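Here's the structure, in structure tokens; my notes come after.
The values are calculated or read from the model by the stated rules, or taken from the named source; none is laboratory data. Please read all numbers here as calculations on a predicted model, not as lab measurements. Note that each Cβ is placed from the backbone with ideal geometry, even for glycine, and that neighbours are counted across all protein chains shown.
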Amino acid sequence: MELFFAILILACLPSFVLSNFQGDALYALKSSLKADKLTSWNPNQVNPCTWVDVTCDTNNNVISLSLSSMGFSGTLSPQIGSIKTLTSLSLPGNRITGGIPKEFGNLTNLSTLNLGNNNLSGEIPTSLGNLTKLQFLTLSGNNLTGTIPESLSRIPSLSSLFTGNHLNCSINSPPFCASEIGDSGGSNGSKIGVILGIVGGCIAILLLVALSLVLCRGRNSGYKREVFVDVAGEVDRRIAFGQLKRFLWRELQLATDNFSEKNVLGQGGFGKVYKGVLPDNTKIAVKRLTDYESPGGDAAFQREVEMISVAVHRNLLRLIGFCTTPTERLLVYPFMQNLSVAYCLRDLKAGVPVLDWPTRKRVALGTARGLEYLHEHCNPKIIHRDVKAANVLLDEDFEAVVGDFGLAKLVDVRKTNVTTQVRGTMGHIAPEYLSTGKSSERTDVFGYGIMLLEIVTGQRAIDFSRLEEEDDVLLLDHVKKLEREKRLEDIVDQNLNKNYNIQEVEMMIQVALLCTQLSPEDRPAMSEVVRMLEGEGLAERWEEWQHIEVTRRQEYERLQRRFDWGEDSVYNQDAIELSGGR
């Protein structure tokens, strides 16, 4: 028996050693990032494959780590370089400082390294040239300096993004350096400047030719080397077509059964969305832009490609490919198995369980984090302009994925708002956007607040059936009235059958009402919304809002009494009606 246990221990020992060494490296990263919120990352828990945001293969090897937009402000631990099984390391949208450890060059299986939109400084380590399997390298939006290493040119399939730094090109820099840096290269002397000018001009011509071939030939498919396209009138806004698959028209026609009506998943402002299946059985959603020739149609395609290409976050819908022909524009996304939040709230088939309360809470927080990323971690920031339950999709794990960027608008960070044609869905549109045509991130906050009410109530933003019982057609007015009367249980979706936490319901309603205040300046930013949903700062903000609301309501009632002429008043209505001209 003792021999049996000894053999068993020896057999299991390699996996324990493996887990411990990986866990040590990950915990060192947690400590260096000051990532206290990663509570599941427990050094006493042997297997890190059970930790949140850590993905492992069947042999308990850590292969992927994704910590996007979580507010970490520490530094990168060089110990991560010891996890050589990593294929993807993604830490964008935080506030990470310090340099990129040279030990990252030991991650020889890495295909994706995304450190964009942080506060990293120093030079790019030449050791990154050892990552021969690297396909996507994103270092944009940092404070990196020095010269882009020549070693990166040895990586055959590399697509990279360095914009928003203070990097220089040298004679031996990779070919993509000039197109990446443009005029921001540092003081390398006039001779090198002349050389770069000539080389840059040649590269620009070659890129234009290459792009023309890519866009005009509908027969080419597969992954192309990255092509950067300057968008007129903007600085450092580029589309990385190399990261997207270019589909053949015939591929998508076959995948959707010739765009059969039975495969229609929904219809948006610029076209229909179809369910499709590729030859390898991958399920996709194909958005076919039917009015691209009209003003704004083709622009919508370009805008959506641009939005999805630069906005990468777990709670944002990922664009996996596109197709262009002389007469068609199509976008290809992963198929979301559980469709939209609106569908799960209101259109479920009989016998299918409704969204339970814990899932609704998770959807609310995930959507908030996605919008926070668009508003506060993208440069330029991105305004969605049509936030609603129908545009939040649910993956196989019922995680929220914000979709439909067809109405999104890039906004220069130096501007507070932008005047455009009003777009969106009635009942979700902020009042200042309707009246002035000026949208900002606070118009998205308003739409998000209405979406929270949809999640709590299960109802639509506008419902004319309520006219039979009350005057409140708008969901917002209906909820405000019930909240004032302390009738919270009448607000909650009856399909939940009272399986919810009333305190959590009250918290979500309070956040929704703060988000839908009349003045955009009074609404919280999405980062504040995330914190309030996580239990931080809501009580103080709500107390302040209640004081303002009570004062406003008292003033309104005072004005009503002032003009409310009773029967005994000398100015009663009959007297006025009888007072004709004499």
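Among the numbered conditions (1) touching a Ser or Thr at 6+ places or on another chain (Cβ under 9 Å); (2) surrounded by 22 or more Cβ atoms within 10 Å (Cβ to Cβ); (3) at pLDDT 85 or above, the only one that residue 335 does not meet is (2). Of the residues making up the stretch 442-476, just one is at pLDDT 90 or above, closer than 21 Å to residue 519 by Cα and of a type in the set (Asp, Glu), namely 444. When the stretch 55-90 is filtered for residues that are free of Cβ contacts under 8 Å to residues at least 24 places away in the same chain and either surrounded by 21 or more Cβ atoms within 10 Å (Cβ to Cβ) or in contact with a Cys (Cβ under 7 Å, 6 or more places away or on another chain) (or both), only 56 remains. Which of the following residues is more than 24 Å from residue 403 (Cβ to Cβ) and in contact with a strand residue (DSSP E or B) (Cβ under 9 Å, 6 or more places away or on another chain): 474, 467, 496? Every option except 474 fails the conditions.
In the stretch 355-380, of all residues being assigned to a loop (DSSP other than H, G, I, E, B) and surrounded by 17 or more Cβ atoms within 10 Å (Cβ to Cβ), the one that is farthest from the chain's Cα centre (by Cα) corresponds to 355. Of the helices (runs of 4 or more DSSP H) lying entirely inside the stretch 426-494, those carrying at least 2 residues that are acidic (Asp, Glu) are 441-457, 475-484, 488-491.
Looking for whichever is in the same structural domain as residue 363 (by TED's automatic domain parsing) and at pLDDT below 90 here; the options are 506, 432. Which one fits?
Checking each option against the conditions leaves just 432.
None of 274, 292 is at pLDDT 90 or above and of a type in the set (Phe, Trp, Tyr) except 274.
Screening 116, 99 for residues that are modelled with pLDDT under 90, under 28 Å from residue 373 (Cβ atoms) and not in a strand (DSSP E or B) leaves exactly one candidate, 116.
In the stretch 295-316, the qualifying residues are those that are crowded, with 22+ Cβ neighbours inside 10 Å and at pLDDT 80 or above, and the one that is nearest to residue 141 (Cα to Cα) is 313.
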